[in-house]
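**Q** Dumping the structure here so I can ask a few things about it.
Derivation of every value follows stated rules applied to the coordinates shown; laboratory data play no part. If you're wondering where the values come from, they're calculated on a predicted model, not measured in any experiment. FYI the Cβ positions are ideal-geometry reconstructions off the backbone, even for glycines, and counts take in every protein chain you see.
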Amino acid sequence: MKIKPGLTIAVRSWKRPNTAYTHKYFRGTKYVVAKSQAEEYRKNGLNVWECPDSAQGNLCRVTNWIIDNCETRWLIVTDDDLSWLGMWEGNRHIILNEEQAIEKIENSFILAEDLGVPFFGLQCLPDKGAYREYTPLSFNNYIGGAFQGFILPDFQLRYDESLPLKEDYDMTLQVCNSYRKVLRVNYLHYNVKQQEGVGGCADIRTLEREREQFSLLQKKWGTRIVTTDRSNKSSKTKKYDINPILKIPIKGV
């Protein structure tokens, strides 16, 4: 397959033809949907990129299919419920328009290429408290799966299909292990609805399944690297935290 210059924004979507709305922000979005569901998406005027039914039903498998079949050098993979990208300037919150967001994304790709790492992500929390003004970039932090950038064909890693609910944690560790760093653009953040609604991962996300996936991730990478939130363990009302904490043994920010 010949890789062409340019940018593809691929949106994974499963059984949500009536509720997907990422295209309202990124007009050039391609919805990657199973062939059997494609007509329902087209009825809603969505730009469809058909994948085989066999590629769907597993977040890792469909993401791998997108990476393997993308024809442009720059690839963004995101979710079907992305509202906007934003940034902070002092105490002023700025929501970027599409043109501004594309410019920031392109700059992030160039930065990733200069750093020699064919993978990057953004800060996954939009609130001001999560942003460290003096750390606009970091190189050993978790990259959320809701918005990820790939440089092709340089990116040779693939998602572990046994970890569809912890795929982003696993990929963060894979990239750090292979390239000794991962690029997170902290000065940019995204807004998505996660763990809500029907379709997508919501169809398979249960507490029992989350526990099982955490156990598999920890078995793969070890208990020193994959841990849980140990704060406030004395509280009887504390709920199980489905999000692992990664302690990546690479120095830096």
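**Q** Ile151's amide H: which non-local residues (gap 5+, or another chain) put their own amide H closer than 5 Å, with H modeled 1.01 Å from N in plane and none for Pro or chain starts?
**A** Phe119
**Q** When only alpha-carbon atoms count, how far does the chain stretch along each of its three principal axes, as whole angstroms with the largest first?
**A** 53, 39, 37
**Q** List, in the order given, every pair from Lys30/Lys251; Lys181/Lys219; Lys35/Lys220; Lys15/Lys247; Lys30/Lys166 whose Cα-Cα distance in the structure shown is over 27 Å.
**A** Checking Cα-Cα distances, Lys30/Lys251; Lys35/Lys220; Lys15/Lys247 exceed 27 Å.
**Q** Can you give me the three principal axis dimensions of the range 43-159 from its C-alpha atoms, in Å, biggest first?
**A** 47, 37, 24
**Q** Suppose each label sits 7 Å from its Cα in the direction of the beta carbon; what would the Thr228-Arg92 distance come out to in nanometres?
**A** 4.5
**Q** Using only the alpha-carbon atoms of the range 9-82, report the extent along each of the three principal axes, biggest first, to the nearest angstrom.
**A** Taking max minus min along each principal axis of the Cα atoms, the range 9-82 gives 27, 25, 17 Å.
**Q** How high is the FRET efficiency from Lys35 to Ile242, r the C-beta distance, R0 25 Å, rounded to 0.05?
**A** In this case the efficiency is close to 0.20.
**Q** When the chain is fully extended, how far beyond the present Cα-Cα distance does Thr206 get from Ser178, taking 0.36 nm per residue of separation?
**A** Difference between extended and current length: 6.9 nm.
**Q** Per DSSP H run of n ≥ 4, the term is -39500 (n - 2.57); total these for the chain, divide by its residue number, and report the mean residue ellipticity at 222 nm rounded to 500 deg cm²/dmol.
**A** Estimated from H runs of four or more residues: -8000 deg cm²/dmol.
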